[in-house]
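Worksheet for the structure shown next.
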Amino acid sequence: MEVEVAVIDGGPSGLITAREAANRGAHVLVLEEHDEIGLPVECAGLLSLGGLRAIGLKPDGRFVLNLLRRATFYSPSGIALVVEAPDPVACVVDRHELDARLAELAEGRGADIALGRLVKKISIGRDRVELRGDWGSLKAELAVVAEGFRSRLVRQVGLRTIDWRRVLPASQVEVPARDLDEEGVEVHLGSHIAPGFFAWVIPLGDGRARVGLACRGVDPRRTLRIFLRRRLGLRGIEPPYSGSVLTCGPVPKTYSERVLVVGDAAGQVKPTTGGGVILGGLCAKIAGKVAAEALREGDASAAFLRKYEQGWRELLGREFSLMLKLRKLLDALPDKAMDMAFRMASELDIAGEISARADMDLQSSVISGLPILLLKGLLRAFGRSTKRPLSP
């Protein structure tokens with residue numbers, strides 16, 4: 001069997017790549033390892049509304065469970081910093097349903113999807129890529145590796161994989177939580193809560209919440225049990241081991257002869273939060289476009305496919321770089337320093353300005369603007385102090 005573009009894995013990045021390439025006339029086949037799109041689910045499912053629109057989804061489908069307009073960040077000692085908007089800016093999604101919708105859109109543009117097709121081997125020939133698995137083999141003019149961060153195929157095409165030192169174990173569970181702010185997500189920081197990362201509480205809008213954490217050096221299930229007891233008073237719940245969180249940033253190179261690498265396999269994930277659906281999806285849109293152009297030009301060489309990497313780095317390179325720097329800074333901050341930063345932000349009243357700048361996906365405006373926000377806060381505080389009457 002032969003196709004023009006073989007997309008390996010039917011997750012969001014793979015399906016978006018397939019949609020974009022098929023929409024430009026390419027004959028695309030998605031090879032999905034599992035027997036159903038969207039399973040198993042390994043995601044907190046918190047996505048920005050603007051990000052969903054940017055990857056071609058209307059945030060009003062059956063996959064949207066709840067709308068959110070507020071995030072409350074808690075320092076290790078419990079100091080709260082609230083970032084909010086007047087209207088919803090994010091939503092909680094059913095990832096199974098979201099992936100199913102992306103599959104519908106890809107098929108609607110002409111892509112084919114084959115289930116139960118685990119690709120174990122990829123080899124690059126002079127004019128074709130050959131993919132093999134227990135199901136057989138096929139040839140394609142070019143292949144897109146979108147199989148996730150555990151990819152075995154990236155190394156087979158001569159590329160470096162993600163930095164595994166910055167992959168954290170995570171656990172998540174859905175639990176009853178009737179006294180939560182249904183419009184706000186919680187983020188809890190601190191080495192006694194989730195060393196090396198944070199814990200999250202995401203209301204589903206029906207009296208339940210997704211609660212999870214990622215951590216370094218400790219068992220995430222045991223750590224989550226402790227957090228559930230402390231935050232929600234829940235006991236006797238056995239959280240499942242549910243996956244991993246990437247904080248590594250992109251791999252050095254995401255293309256080779258006749259092959260593109262997208263999504264988690266390429267490390268196209270926010271180092272600050274581990275979220276990869278939106279930024280990976282934006283990179284996938286570029287991958288699908290370049291794949292179709294390569295077919296049209298009859299040139300799937302590395303020299304031509306380099307346009308993909310140039311495109312996504314031009315769009316998101318600065319974002320990834322600044323988020324990685326912030327993640328490394330947060331990793332190095334002791335709890336006392338983090339408390340001090342929260343206390344200063346609270347005292348200087350800069351949460352409002354952060355709210356005005358905040359973007360869940362494109363975080364560079366906030367990260368690069370933090371020194372300016374701090375200076376503004378100090379000037380406001382100084383101005384208030386000079387207006388106070390002098391003591392007799």
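The values are calculated or read from the model by the stated rules, or taken from the named source; none is laboratory data. Note that this is a predicted model, so its numbers are computed, not measured. Every residue, glycine among them, receives a Cβ derived from its backbone with ideal geometry; neighbour counts consider all protein chains shown.
Things worth noting here:
- Given (1) over 20 Å from the mean Cα position of the chain (by Cα); (2) of a type in the set (Ser, Thr, Tyr); (3) part of a strand (DSSP E or B), number of the condition Ser77 does not satisfy: (3)
- Qualifying residue in the stretch 33-51 (condition: more than 20 Å from the chain's Cα centre (by Cα), small (Gly, Ala, Ser) and either assigned to a loop (DSSP other than H, G, I, E, B) or crowded, with 23+ Cβ neighbours inside 10 Å (or both)): no
- Test result for Asp299, outside the structural domain of Val187 (by TED's automatic domain parsing), under 30 Å from Ala18 (Cα atoms) and at pLDDT below 95: no
- Residue identified as farther than 29 Å from His34 by Cβ, touching a Pro at 6+ places or on another chain (Cβ under 6 Å), surrounded by fewer than 21 Cβ atoms within 10 Å (Cβ to Cβ) and hydrophobic (A, V, I, L, M, F, W, C) among Leu81, Leu67: Leu67
- Residues that are assigned to a helix (DSSP H, G or I) and of a type outside the set (D, E, K, R) occur in the stretch 80-98; there is at least one.
- Leu373 vs. criteria in contact with a helix residue (DSSP H, G or I) (Cβ under 9 Å, 6 or more places away or on another chain) and at pLDDT below 65: yes
- Considering residues of the stretch 267-285 that are farther than 17 Å from Ser48 by Cα and in contact with a strand residue (DSSP E or B) (Cβ under 9 Å, 6 or more places away or on another chain) only, the residue surrounded by the most Cβ atoms within 10 Å (Cβ to Cβ): Ala284
- Looking only at the stretch 52-63, and only at residues there that are surrounded by fewer than 21 Cβ atoms within 10 Å (Cβ to Cβ) and free of Cβ contacts under 8 Å to residues at least 60 places away in the same chain, the one that is nearest to the chain's Cα centre (by Cα): Arg53
- Whenever a residue of the stretch 238-263 is among the basic types (Lys, Arg), its partners that are surrounded by fewer than 21 Cβ atoms within 10 Å (Cβ to Cβ) and part of a loop (DSSP other than H, G, I, E, B), lying with C-beta atoms within less than 6 angstrom and at least six residues away or across chains, give the pairs Lys253/Leu159.
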